[in-house]
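Engineer: Take a look at the following structure, please.
Quick note: the coordinates plus some simple rules give every number you see, no bench work behind them. Small disclaimer: the values here were computed from a predicted structure and weren't measured. Reconstructed Cβ throughout: ideal geometry from the backbone, glycine too, with neighbour counts over all protein chains shown.
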Amino acid sequence: MADLSINFAGIKSPNPFWLASAPPTNSGYQIMKAFDTGWGGAVWKTLGVPVVNVSSRYGALNYRDTRMMGFNNIELITDRPLRDNLREIEEVKKRFPNHAVIASLMVETREQWHQIVKDVENAGSDGIELNFGCPHGMCERGMGSAVGQEPKVLKAIVEWVMEVATIPVIVKLTPNITDITRPAMAAKEGGANAVSLINTIQSVIGVDIDNFVPYPVVDGKSTNGGYCGPAVKPIAMNMLKNCAQHPQMDLPISGIGGIENWRDAVEFLLLGANSVQVCTAVMHYGFGIIREMADGLNRYMDEKGFATIDQMVGKALPQVKNWEDLNLKYKVVAHINENKCIGCQLCYTACEDGAHQAIGLSDNPLNRIPEIIEENCVGCNLCSLVCPVEECITMERRDDGKSQLTRADRTAAGTIPTTFNDDLAGGLHHWVPTPADALVKQVPKHYKYVNRN
Ligand SMILES: Cc1cc2nc3c(=O)[nH]c(=O)nc-3n(C[C@H](O)[C@H](O)[C@H](O)COP(=O)(O)O)c2cc1C
Ligand code: SF4
Ligand code: SF4
């Protein structure tokens, strides 16, 4: 069995799975239950001057049969008195001394920061996370993402915190910014020990079209919220990759955003996260998902020969390049496995209307299996992505595997297109039907193309 334990900027945890600061970490009761179920750490629901929340608070994006594919909230930080939270942090640490308890904090003045940092340290917290990410409510008061969007302000507040902190400090970043590496670097310059990302994305989740008000509805009105859940994972991973690849970014990173199973966690670790945090998936399915997550990660590590988490962190990063460094000689084309094809012809429609007219239909109505017109296939993957049958459309390699030519090479050699009608353009190498062909109704038209000589 692999060793799942981590030392994250000095915060020790039996595994890399932490609960993100959110409703699942509202109370000592929930955190003890989570640790007992197998979670390695928990970032306490953000502490500060307790708020008064609205009711209702959440909205969801359901996609077809999948509920809560995206999730949106307009709640604020903790609504419980600080003294209750501090007492419970102490209790949790006594009962679970080897688990990671991280206090998430958000206050305004330097004096408040100094006081609350000392308070959570005295209660026994293993680390502190500064919430510079919340994109609703708190930012209107100059906190949360309002800080995360201003690297200078962020740095100044981190410095206030570092004046008194004696335990590791993590800065939680907002994705509501063009270049997340700027606040990440400001956090480092301010003296932070680590960063975490992402907090929620500012959003409007939907509109009640009968009553003309967005969700969630609060007495006939609404406000923008923070978006999270599986739908945000690609955005989170891109921001993680950007931070992890930044040449001056050498702080540990806690990855957050849409993680709900061991595979998601592995992807974040491979892109440079040293721990992962989960919120929406626990709000959806409960603490029990940790069992499958920890088992799955363990199995994966054994299979790949990773003895420790550190050995796998960032393993995918060397393969992430700038576009101009990708091999232009690499060539794949779609291939349909006729034994698996169910004849739905979704691939045909997708390629015909949304790609490169590289799939033909038979003129025999009894034969519903489409055919790839290889000469026209640019290898975009679209058909294989829409095909409902696993492994029915595969992408097959056609180049010799030996040639390498990048946009950067071509730029250096002076062989990139430079004029509007340049013979060097890529589009000249695949065939495009004439516009009037679109109005020809009879089927089949594509076999004409296949055999057109
Ligand atoms: C209802 C709700 C409340 C949240 N409250 C906080 C909070 O108090 N502090 C904080 O740093 N992040 C808060 N978050 C953001 C989460 O910690 C996390 O960054 C975000 O949800 C992305 O992770 P996920 O996709 O796993 O949910 C909250 C998220 C939700 C859904
Ligand atoms: S989408 Fe897949 S199953 Fe449907 S016709 Fe195309 S290859 Fe066959
Ligand atoms: S890979 Fe793209 S271009 Fe090729 S057949 Fe599929 S959809 Fe068409």
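Engineer: Taking only the C-alpha atoms, wrap a convex hull around the stretch 293-350 and report its volume per residue in Å³ as a whole number.
Structural biologist: 222
Engineer: What order do you get for Met293, Met68, Met249 when you list them from fewest to most C-beta neighbours inside 10 Å?
Structural biologist: Met249, Met68, Met293
Engineer: Here's another thing I want to ask about it. When only alpha-carbon atoms count, how far does the chain stretch along each of its three principal axes, as whole angstroms with the largest first?
Structural biologist: The Cα atoms of the chain stretch 81, 56, 48 Å along the principal axes, largest first.
Engineer: Follow-up question, since we're still on this one. Give the separation of the Cα centroids, the stretch 236-315 to the stretch 359-423, in Å.
Structural biologist: 33
Engineer: Of Phe71, Phe287, Phe212, how do they rank once you tally other Cβ atoms within 10 Å and put the fewest first?
Structural biologist: Ordered by Cβ neighbours within 10 Å, fewest first: Phe212, Phe287, Phe71.
Engineer: Can you tell me the relative contact order of the chain? Whole percent, Cα pairs under 8 Å, sequence separation 6 or more.
Structural biologist: 13
Engineer: Whole-Hz ³J(HN,Hα) for each residue in the stretch 320-328, computed from phi via Karplus 6.51 cos²θ - 1.76 cosθ + 1.60 with θ = phi - 60°, x for glycine and proline: what do you get?
Structural biologist: In residue order, the calculated couplings are 8, 10, 6, 3, 5, 9, 7, 7, 6 Hz.
Engineer: Sticking with this structure for a sec: Please tell me the relative contact order of the stretch 293-386 in percent, rounded to the nearest whole number, where contacts are Cα pairs under 8 Å and at least six residues apart.
Structural biologist: 26
Engineer: Okay, next question. Send over the Kirkwood Rh of the stretch 97-158, from the inverse of the averaged 1/r over different Cα pairs, rounded to one decimal Å.
Structural biologist: 12.3
Engineer: Moving to a separate point now. Compute the distribution of all C-alpha to C-alpha distances in the stretch 90-240, in bins of 10 Å from 0, and list the percent of pairs in each, rounded to whole numbers.
Structural biologist: Over the stretch 90-240, the share of Cα pairs per 10 Å bin runs 11, 35, 31, 18, 5, 0 percent.
Engineer: Using alpha-carbon pairs under 8 Å, 6+ residues apart, how would you state the relative contact order of the stretch 332-400 in percent?
Structural biologist: With pairs under 8 Å counted, the relative contact order is 47 percent.
Engineer: Given the alpha-carbon gyration tensor of the stretch 1-57, what are the semi-axes of its equivalent ellipsoid in whole angstrom, ordered largest first, with each equal to the square root of 5 times an eigenvalue?
Structural biologist: 27, 13, 9
Engineer: Would the stretch 57-174 count as rounded, prolate or oblate if I go by the C-alpha gyration tensor, calling it rounded below 1.5 in a/c and otherwise prolate when a/b exceeds b/c, oblate otherwise?
Structural biologist: Oblate is the answer for the stretch 57-174, as a/c is 1.5 or above yet b/c matches or exceeds a/b.
Engineer: A follow-up question, please. Can you give the convex hull volume per residue for the Cα atoms of the stretch 279-435, as a whole number of Å³?
Structural biologist: Given the Cα convex hull of the stretch 279-435, per-residue volume reads 237 Å³.
Engineer: Counting other C-beta atoms within 10 Å, which of Lys402, Lys172, Lys118 has the fewest, and how do the rest follow?
Structural biologist: If I rank by nearby Cβ atoms, fewest first, I get Lys402, Lys118, Lys172.
Engineer: Here's something else I'd like to know. For the chain, what is the calculated [θ] at 222 nm in deg cm²/dmol (nearest 500), taking -39500 (n - 2.57) for each run of four or more DSSP H residues and dividing by its residue count?
Structural biologist: -8500 deg cm²/dmol
Engineer: Over 21 Å between Cα atoms, which of Lys340/Lys402; Lys155/Lys315; Lys93/Lys118; Lys94/Lys188 qualify?
Structural biologist: Check vs 21 Å cut-off fails for Lys340/Lys402; Lys155/Lys315; Lys94/Lys188.
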